[in-house]
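For reference, the structure is listed below as structure tokens.
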Amino acid sequence: MARTFTEADGYSVRDLLHFGVDHLESARILFSQGANCLDSAGYLSHLGLELLLKAWHLHQFKAFEDKHNLLVLYGSLKPHLDGPPFSREQEELLQRLDTYYELRYPRQHDPIETGSDDWLPIEKLLDTLWDQMPKELSSVLFEIAPNKKGGRVLMEMKK
């Protein structure tokens, strides 16, 4: 049985969205940096999308489970979409993105394929997802301070 997390465990919709969006932005950059960054880009794409879906779960159901399957996470949200569901092609992409969870470790047998051309379809999938989410979730993004994250203040060194 999967463990369930709530706000009482220290999770917030805002933090999950913030981390998810930042992982996806990092993935976007990594997809353009060359072959040595593709596995990380794919894995961060999965993680970012997973966190967006878990933020929606926390908002919708007041909890999310310790599960990583994107199809399962998205599937339980289908009755609560503000827009049309993913197309068949987008569901197939979601299924492929689900395999990117395995990019965190080397796999000699049954390798996971990813490439620099993956980002554009992922970006289109994310655009559709934002349209499907309750508007109060997407409005939270505009309230997020980029340098305040997870109870920390992030600082950059001047060059």
Fill in the blank from the handout: Out of (1) within 21 Å of Thr4 (Cα to Cα); (2) outside any loop (DSSP other than H, G, I, E, B), the one Lys67 does not meet is (2)
Fill in the blank from the handout: Every listed condition ((1) in contact with a helix residue (DSSP H, G or I) (Cβ under 8 Å, 6 or more places away or on another chain); (2) at pLDDT 95 or above; (3) surrounded by fewer than 17 Cβ atoms within 10 Å (Cβ to Cβ)) holds for Asp82 save (2)
Practice task
State whether one or more residues within region 24-38 are basic (Lys, Arg) and modelled with pLDDT under 95.
Solution key: no
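In the list Ile144, Ile122, which residue meets the criterion of being of a type outside the set (S, T, N, Q), closer than 23 Å to Phe5 by Cβ and in contact (Cβ under 8 Å) with a residue 24 or more places away in the chain?
Just one listed residue meets the conditions, Ile144.
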Handout entry: Lone qualifier among Tyr74, Tyr43 - being closer than 27 Å to Gly150 by Cβ, surrounded by 18 or more Cβ atoms within 10 Å (Cβ to Cβ), touching a Lys or Arg at 6+ places or on another chain (Cβ under 6 Å) and among the aromatic types (Phe, Trp, Tyr)
Key = Tyr43
Problem - Matching residues, region 86-111, being surrounded by 15 or more Cβ atoms within 10 Å (Cβ to Cβ) and in a loop (DSSP other than H, G, I, E, B) - result: Phe86
Completion exercise
Being part of a loop (DSSP other than H, G, I, E, B), under 18 Å from the mean Cα position of the chain (by Cα) and closer than 21 Å to Leu44 by Cα narrows Pro121, Pro146 down to just Pro146
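The values are calculated or read from the model by the stated rules, or taken from the named source; none is laboratory data. Fair warning: this is a prediction, and the values are worked out from it, not measured in the lab. When we count neighbours, we look across all protein chains shown, and the Cβ atoms used for this are built from the backbone with ideal geometry, even at glycine.
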